[in-house]
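Since the structure comes first, as structure tokens, the remarks are kept for the end.
The values are calculated or read from the model by the stated rules, or taken from the named source; none is laboratory data. The structure presented is a predicted model; accordingly, all values stated were derived computationally and were not measured. In case anyone asks, the SASA skips ligands and DNA or RNA and just uses the protein heavy atoms, side chains included. Shrake-Rupley method; radii C 1.70, N 1.55, O 1.52, S 1.80 Å.
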Amino acid sequence: MRPLAQCHVLLTAVLASAAAVVSTSVPAQDRFAERAAMIETIKLHARSAPSAVEGQGIDPAVLKTMGKVPRHFFVPEEQRGAAYRDRPLPIGYGQTISQPFIVALMTDLINVGPGDVVLEIGTGSGYQAAVLSPLAAKVYSIEIIPELGERAAARLAELRFDNVEVKVDDGYYGWPVHAPFDGIVVTAAASHIPPPLVEQLAKGARMVVPVGGPFATQFLMLVEKRRDGSITSRQLLPVSFVPLREGRAR
Ligand code: SAH
């Protein structure tokens with residue numbers, strides 16, 4: 001067992017409001033046209049996945065946010081040209097940033113609203129956390145690879161997503177001190193739905209989690225904790241995520 005719990009690193013992004021900053025002080029407004037094209041691709045993609053996308057399609061608030069967040073700052077320099085294509089990209093350490101459609105879908109499915117406290121497992125580049133940031137009151141994100149977690153926290157701070165807090169730890173166990181969460185997004189594939197995360201879900205809240213082995217078909221699952229505390233889960237669509245690693249004995 002690795003003593004990961006003893007070396008928690010709390011990486012807090014400080015400074016001004018994320019929503020305000022994304023549209024003002026960040027030199028992000030270059031590549032605006034590419035982001036607009038990315039949004040159109042996401043909408044098209046959503047139409048081809050009616051079993052996963054609810055109602056009229058991806059929530060316009062989610063699309064608007066993704067139209068502002070500078071995805072190219074979250075990928076390595078050599079990948080920047082491809083940052084707005086609808087596909088996953090390598091971010092180092094064998095990990096990947098999800099394709100924009102999947103980020104949009106997962107964000108949409110947890111119905112995040114102002115005032116909500118959201119948990120992400122698998123910070124990676126920090127992009128998914130950045131997309132959640134302007135939509136929620138607070139985003140907690142856990143990354144198991146220290147270098148990725150530290151880098152993402154620094155990037156989020158630099159881009160002034162100040163309501164995002166990152167820690168390096170095994171996300172399987174969630175972040176109990178900040179629970180319950182109004183939404184949980186797991187961005188690495190688990191062999192089963194982690195019970196500690198179900199436990200930390202607020203009543204009426206949702207979790208999206210890819211479930212399945214690395215060499216087997218994985219499915220994006222939508223887990224909901226009803227107001228009466230009962231749990232429902234639904235399989236949405238086949239996906240391909242990097243595995244959720246085991247950092248602590250389970
Ligand atoms: N959400 C990320 C992409 C995630 S890729 C983004 O927007 O860029 C999946 C990430 O999950 C990887 O960075 C991987 O290191 C991390 N991960 C894997 N197992 C984990 C665990 N048990 N706890 C926390 N993070 C984990």
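At a glance:
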| item | result |
| --- | --- |
| Rg to Rh, two decimals, where the range 66-121 supplies the alpha carbon set and Rh follows Kirkwood | 1.00 |
| Solvent-free Debye scattering, log10 I(q)/I(0), computed from the Cα coordinates of the range 116-210 at q = 0.10, 0.14, 0.20, 0.23 Å⁻¹ | -0.21, -0.43, -0.88, -1.16 |
| Whole-number D in µm² s⁻¹ for the range 189-250, Kirkwood Cα-pair radius fed into Stokes-Einstein, 37 °C, 0.692 mPa s | 269 |
| Volume in Å³ per residue [convex hull over Cα atoms, computed for the chain] | 118 |
| Accessible area expressed per residue, the range 110-169, with surrounding protein chains retained (probe 1.4 Å, Å²) | 26 |
| Spherically averaged projected area of the range 56-175 from its Cα convex hull (nm²) | 7.0 |
| Heavy atoms of H45: accessible area, 1.4 Å probe, square angstrom to 10 | 60 |
| Per-residue HN-Hα couplings for the range 242-248 [Karplus 6.51, -1.76, 1.60; θ = phi - 60°; Hz; x = Gly/Pro] | 5, x, 6, 7, 9, x, 10 |
| For F181, distant residues with modelled amide H under 5 Å away | L201, A202 |
| HN-Hα J in Hz across the range 113-122 - Karplus 6.51, -1.76, 1.60, θ = phi - 60°, x for Gly and Pro | x, x, x, 7, 10, 10, 10, 10, 10, x |
| Percent RCO, i.e. relative contact order, over the chain, from Cα pairs under 8 Å lying at least 6 residues apart | 21 |
| Helical mean residue ellipticity (222 nm; -39500 (n - 2.57) per DSSP H run of 4+; nearest 500) of the chain | -7000 deg cm²/dmol |
| Among E150, E158, E78: highest mean-square fluctuation, GNM of the chain, C-alpha pairs under 10 Å | E78 |
| Sulfur and carbon atoms: percent of accessible area, the chain [1.4 Å] | 55 |
